[in-house]
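Enquirer: Pasting in a structure now, in structure tokens, and then I'll have a few things to ask.
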Amino acid sequence: MFVHRLRDEAMTEARRVRYHCSEELKFLKTWATKPLTTGAVSPSGRWLARAMAAPVDLAWEGTVVELGPGTGAVTAALLKRGVAPERLLAVEYNPDFAEHIRGRFPGLRVTVGDAYEFADTLRYAGITKVAAVVSSLPLFTQPPLRRRHLIEQAMAVLEPGRPFIQFSYALVPPVPADAGNWTLDVSGWIVRNLPPARVWTYRKA
């Protein structure tokens, strides 16, 4: 019995490692061909993904909108936190990643669209009430005005206090706080992620 259990555990771990490697390879191939829309060279690690999902309160009404899910690291963390698949909308610009997400998370709503045209994308998906926005977009690959326009669109549909959650590897925020419009909080460095990252949380004032 003990030997069988050890064998089963070893096989499970081997499958996990193979899956992780395939995710890394998929992400790296996409980054090599489309670096500006992919941004990172590898998916978010589980510690960063958990930190991204943590501010989402399950009691909030509305849809949790995930921008740039990639291969689904943060998606998995949101589902593990308890967000029901039917309450989660994944907005992915890359059709290959979108197809991957559909296959990995059956029942999840996935739309191929431009997250920076946030209002139009929500309208197309039929979303009228947003509980939170969780973004893995490579904001620093975009001009400052386009980044700000995205935050402005999100704040227009979020209720006061509800978050727009964004990670980055930078020392400065992708978009600064704007008194009277939105506040900004930042986490400590998540050093278990490679490379280390921080989570920036914008909230409607």
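Enquirer: Of the residues that sit in region 165-177 and are farther than 17 Å from Val64 by Cα and in contact with a helix residue (DSSP H, G or I) (Cβ under 8 Å, 6 or more places away or on another chain), which one is surrounded by the fewest Cβ atoms within 10 Å (Cβ to Cβ)?
Expert: Only one residue fits best here, namely Ala170.
Enquirer: Tell me, yes or no, whether region 94-102 has at least one residue that is in contact with a Leu (Cβ under 6 Å, 6 or more places away or on another chain) and in contact (Cβ under 8 Å) with a residue 60 or more places away in the chain. Break it down stepwise before answering.
Expert: Step one: list which residues in region 94-102 are in contact with a Leu (Cβ under 6 Å, 6 or more places away or on another chain), which gives none.
No, region 94-102 has no match at all.
Enquirer: Looking at (1) open to solvent by 30 Å² or more (accessible area, probe 1.4 Å); (2) more than 23 Å from Leu89 (Cα to Cα), can you tell me which one Arg162 breaks?
Expert: All conditions are met except number (2).
Enquirer: Could you list all residues from region 103-112 that are open to solvent by 40 Å² or more (accessible area, probe 1.4 Å) and either touching a residue at least 60 places away in the same chain (Cβ under 8 Å) or part of a loop (DSSP other than H, G, I, E, B) (or both)? Talk me through it step by step, then tell me what you get.
Expert: So the first thing to find is which residues in region 103-112 are open to solvent by 40 Å² or more (accessible area, probe 1.4 Å), and the list is 103-104, 106-107, 109, 112.
Across region 103-112, the qualifying residues are Pro106, Gly107.
Enquirer: I want to confirm something. Restricting to region 118-156 and keeping residues that are among the β-branched types (Val, Ile, Thr) and touching a helix residue (DSSP H, G or I) at 6+ places or on another chain (Cβ under 7 Å), which single residue is most open to solvent (accessible area, probe 1.4 Å)? I'd like the intermediate steps shown before the answer.
Expert: Within region 118-156, the first condition is being among the β-branched types (Val, Ile, Thr), and the residues that meet it are 121, 127-128, 130, 133-134, 141, 151.
Subset that is touching a helix residue (DSSP H, G or I) at 6+ places or on another chain (Cβ under 7 Å): 130, 133-134, 141.
On the way: Val130: 4, Val133: 0, Val134: 0, Thr141: 52 Å².
Result: Thr141.
Enquirer: Here is a further query. Restricting to region 170-186, give me the number of residues that are among the acidic types (Asp, Glu) and within 20 Å of the chain's Cα centre (by Cα).
Expert: Number of matching residues: 1.
Enquirer: Then there's this: Can you confirm whether region 136-151 contains a residue that is over 15 Å from the mean Cα position of the chain (by Cα), modelled with pLDDT of 95 or more and farther than 22 Å from Pro174 by Cα?
Expert: no
The values are calculated or read from the model by the stated rules, or taken from the named source; none is laboratory data. Remember, predicted model here, so these are calculated numbers, not experimental data. A quick note on method: Cβ atoms are made from the backbone with ideal geometry, for glycine too, and the neighbour counts reach across all protein chains shown. Please note that ligands, DNA and RNA were not included when accessible areas were found on the heavy atoms of the full protein model with its side chains. Shrake-Rupley method; radii C 1.70, N 1.55, O 1.52, S 1.80 Å.
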